[in-house]
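A.B. asks: Here it is, the structure, as structure tokens.
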Amino acid sequence: MKKEIEETVEKWQRDNLIRNLSKDSMETYGSSAKDFLSFFEEKGITKFKQITDEIVEGYILGQINRGCSARTINNRLKALRRLCYFYKKKIKERYDVPNFKMQHETATSRGPLTNDEVCRLIIHFDPSDKNSVLVAFILDTGLRSKSVRNIKVENIDFETGNVMVKVTKNHDTIVLPLSEELQALLRSYLKHYRIEVGYLFPNKKGGKMYDRSSIYKKVEKYMKNCGVHKSGVHLFRYTFGKIMIENNCNAMLLQKWLGHRTMEETKKYVRLYSNELKNVCEDVTPLSKNSNFSKFRKKFCLKALTT
């Protein structure tokens, strides 16, 4: 006979599936559930009424002692909290959901990367190092981990220098250009590992990487080896957006590259890097001192002062 918590986890995951959550979300919830169910089994906890504030704190401490990052702990806590609220809504309304103390995630641990950190990663790129090629690809394309895990060798056209991205967040297929340096790195990488078909970044058995935690670990390992003490894959996407904005990329081009359906999604990058936009203001706006129209600006200013 299954225990109450285990039965509820199955119902919760079935409900998530019916609500058409993304595959990545399902995988994250499944991985998190596996972790906290193991903890509950160890503590002899089978019912929701046994999940108290003290038990949650014990779970958090256990995660910290295992060396889990603040982000990983928070993801698991969010999954457990959603499960508890699902139980309260669907099964027992009088259930008191315990308190979940989220871990503090410092901005420095999540990115974006500084120019110095980008340089540290680049100087160690090596076609014989799979992790470095993976990081190079993510850094130079700004793609999400979900998209990268699903890219196959046949999606890359070296003649045109493009990659066709078939798996995206909004399910639209996009075609992105690859820089010549990245193409050269990929060619050497494929030749070194004798990869001709299949996934560009396969697992040990040649298939697709199982979930985003797989790509996360590979990226984190490479960054640590390069002396970059930040974690996550999405920070490369923010870094890409930052670099594009610093180099005066217009918002519509950035929207198309990142695969955003609406400009609202792209605007967050503009808000995040408003300082960078301010810094280039004196170089690009028509009335700025360094623009192509500066000589006319001087005449305009002189006329304004004399009238």
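A.B. asks: Hey, any idea what % of the stretch 1-97's accessible area is carbon plus sulfur with a 1.4 Å probe?
C.D. replies: Details: 2830 of 6040 Å².
Result for the stretch 1-97: 47 percent of the exposed heavy-atom area is carbon or sulfur.
A.B. asks: So if I place +1 on the C-beta of Lys and Arg and -1 on the C-beta of Asp and Glu, and nothing else carries charge, what would the dipole magnitude of the stretch 54-181 be about its Cα centre? I want it in debye, nearest 20.
C.D. replies: Computed charge dipole of the stretch 54-181: roughly 1320 debye.
A.B. asks: How about the stretch 130-195: which GluC sites (Glu not before Pro) there lie in a loop by DSSP and see at most 16 other Cβ atoms within 10 Å?
C.D. replies: Sites meeting the loop and neighbour criteria: 159.
A.B. asks: Hey, for a label at residue 265 modelled as a point 7 Å past Cα toward Cβ, could you say which residues of the stretch 143-181 have their backbone N under 16 Å away?
C.D. replies: Residues 143-148, 165-176 qualify, since their backbone N sits under 16 Å from the label point.
A.B. asks: Further question on the same structure: Under a plain spin-label model, where a point goes 7 Å from the Cα along Cα-to-Cβ, how far apart in nm are residue 14 and residue 203?
C.D. replies: Between residue 14 and residue 203, the label points sit 2.6 nm apart.
A.B. asks: Sticking with this one: Amide H neighbours of residue 152 under 5 Å, counting only residues 5+ apart in sequence or on other chains, H built in-plane at 1.01 Å?
C.D. replies: Hits under the 5 Å cutoff: 200.
A.B. asks: Another one. How large is the charge dipole for the stretch 136-198, taken about the Cα centre, if only the Cβ atoms of Lys, Arg (+1) and Asp, Glu (-1) carry charge, to the nearest 20 debye?
C.D. replies: Approximately 380 debye in magnitude.
A.B. asks: Quick one: which residues, 5 or more positions from residue 260 or on another chain, have an amide H under 5 Å from its amide H? H modelled 1.01 Å from N in the peptide plane, none for Pro or chain starts.
C.D. replies: none
A.B. asks: What does the extension gain come out to for residue 184 and residue 91, with contour length at 0.36 nm per residue minus their alpha carbon separation?
C.D. replies: Stretched out fully, the residue 184 to residue 91 stretch lengthens by 27.8 nm.
A.B. asks: While we're here: As an exercise, use a Förster radius of 35 Å and the Cβ-Cβ distance of residue 171 and residue 54 to find the FRET efficiency, rounded to the nearest 0.05.
C.D. replies: Between residue 171 and residue 54 the formula returns 0.20.
The values are calculated or read from the model by the stated rules, or taken from the named source; none is laboratory data. Source: prediction; values computed, not measured. Quick reminder, even Gly has a Cβ in these numbers, built from the backbone with ideal geometry, and neighbours come from all protein chains shown. These area figures cover heavy atoms from the full protein model, side chains too; ligands, DNA and RNA do not enter into them. Shrake-Rupley method; radii C 1.70, N 1.55, O 1.52, S 1.80 Å.
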